[in-house]
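Here is the structure we will look at, set down as structure tokens.
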Amino acid sequence: MQRILIVAPNWIGDSLLAQPLLARLQQRYPAASIDALAPAWTSAVLQRMPQLRQVISTPFEHGPLQLRQRWQLARQLRQNDYQLAVVLPNSLKAALLPWFAGIPQRSGFVGESRYGLINRLHRLDKQALPLMAERYAQLAEDPGNAPQRPLGAVQLRVDLANRASQLQRLGLQLDKPVSVFCPGAEYGPAKRWPATHFSALAQSLSLPTVLIGSAKEAALCEGIAAPVNAKQAHQVRNLA
């Protein structure tokens, strides 16, 4: 096995949970180079995973099939001569690219009746694999085999120069413990812990707390910070 392509998840949290899979593939195929195919918004975190040679950003949006664009990208991927593709999302769309690219072995869960598109079929037993990280890790094994346990911890490469410049830009001091909350979720309150719970937790920890997120979470984070800072000035910083 010389070249492996990972079709990565569409979300940052899920991408982090995929690293035990990468570590296991590297263990099984130590001479192989591993690339990942990922949306632009998750590429940065994948680029910091030491198992990956490169991350190829996809131009696709949520929802549309964009069949022509997928075909065009697949033609480019053919030049890399991948022998194995591991498809982490369960959608039909995610399985199209490796098939279009002519990658001979295409591993993934059955999902959306992807027979043919996936030819190393795994069947998901949700009771045996309750954790998403375990489900991803199973795809590193031959179909029918359980993932190796315990799963490895997530590890990211740190760019020390970038780290120092960002800490200076944000005025953060990390010489003492700090708690960091990321309270937002793409699909809103149904996926979020209540803001009042975050406020109560920040107050109970008695640590400087940093809130992070996108511009869409700025108001949510301010709502978490305000009641704490009213009692303990400057306890919580909103960086969203």
**Asked** On the accessible surface of the chain, probed at 1.4 Å, how many percent belong to carbon and sulfur atoms?
**Response** 54
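What's the local net charge at residue 118, with K and R +1, D and E -1, over the other residues with C-beta under 12 Å away? Display every interim value, and only then the final one.
Values: positive: 106, 114, 120, 123; negative: 112.
Every neighbour counted, the sum reads +3.
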**Request:** Excluding residues on the same chain fewer than 8 positions from residue 176, give the lysines whose Cα lies under 23 Å from its Cα.
**Result:** 231
**Whole-angstrom Cα spans of the range 100-240 along principal axes, big to small** = 59, 37, 32
**Item:** With 5 Å bins from 0: P(r) over the range 19-62, alpha-carbon pairs, percent
**Value:** 5, 24, 28, 21, 13, 6, 2
**Fill in**
Phi angles of the range 77-94, converted by Karplus (6.51 cos²θ - 1.76 cosθ + 1.60, θ = phi - 60°) into ³J(HN,Hα) in whole Hz with x for Gly and Pro, give 5, 4, 5, 7, 6, 6, 9, 9, 10, 10, 9, 7, x, 8, 7, 5, 4, 5
**Degrees, to the nearest 10: 218-231 long Cα axis against longest axis of the chain** = 30
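Taking the range 25-88, how much of its Cα-Cα pair set, in percent, is spaced more than 19 angstrom apart? Intermediate values should be presented prior to the final figure.
Working: 754 of 2016 pairs.
Roughly 37 percent, rounded to a whole number.
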**Message:** How long are the semi-axes of the equivalent ellipsoid of the range 86-154, taking √(5λ) for every eigenvalue λ of the Cα gyration tensor, in whole Å from largest down?
**Reply:** 22, 12, 11
**Request:** Determine how many Å³ per residue the convex hull of the Cα atoms of the range 168-211 encloses.
**Result:** 77
**Inter-part distance where the range 120-188 and the range 1-72 are each reduced to a Cα centre, Å** = 14
**Request:** Per residue of the range 128-138, in order, report the coupling 6.51 cos²θ - 1.76 cosθ + 1.60 (Karplus, θ = phi - 60°) as ³J(HN,Hα) in whole Hz, putting x for Gly and Pro.
**Result:** 6, 10, x, 9, 4, 4, 5, 5, 5, 4, 4
**Choice from 86, 154, 210 showing the highest fluctuation, given a GNM over the chain with Cα pairs closer than 10 Å** = 210
**Fill in**
Looking only at lysines whose Cα falls under 26 Å of residue 126's and that sit 8 or more positions away or on another chain, we get 93, 191
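Sort 126-133, 94-101 by the packing proxy (mean of other Cβ within 10 Å over each peptide's residues), most packed first. Walk me through the intermediate numbers first.
Numbers: 126-133: 12.0, 94-101: 22.1.
Per-residue mean Cβ counts within 10 Å order the peptides as 94-101, 126-133.
Quote the convex hull volume per residue of the range 51-119, based on C-alpha atoms, as a whole number of Å³. Intermediate values should be presented prior to the final figure.
On the way: hull volume 6.6 nm³, N = 69.
Per-residue hull volume (Cα only) is 96 Å³.
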**Fill in**
Taking every alpha carbon pair in the chain and sorting the distances into 5 angstrom bins from 0 up to the bin holding the longest one, the percent per bin comes out as 1, 6, 12, 15, 16, 14, 12, 10, 8, 5, 2, 1, 0
**Fill in**
Counting only protein heavy atoms and rolling a 1.4 Å probe, one gets per residue an accessible area for the range 90-204 in Å² of 62
**Fill in**
Residues whose built amide H sits under 5 Å from the amide H of residue 213, excluding neighbours closer than 5 in sequence, are 240
**Item:** Of 83, 66, 96, farthest towards positive along the dipole that unit charges on Lys, Arg, Asp, Glu beta carbons give the chain
**Value:** 83
**Solvent exposure, largest accessible area first (probe 1.4 Å, DNA, RNA and ligands not counted), of 123, 237** = 123, 237
**Message:** Just to be sure I understand: with springs between alpha-carbon atoms less than 10 Å apart, which residue in 148, 166, 105 has the highest mean-square fluctuation in the Gaussian network model of the chain?
**Reply:** 166
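The values are calculated or read from the model by the stated rules, or taken from the named source; none is laboratory data. Quick caveat, the model's predicted, so the values are computed rather than measured. Ideal geometry is used to build each Cβ from the backbone, glycine not excepted, and the neighbour counts take in all protein chains shown. Note: areas computed on protein heavy atoms with side chains; ligands, DNA, RNA excluded. Shrake-Rupley method; radii C 1.70, N 1.55, O 1.52, S 1.80 Å.
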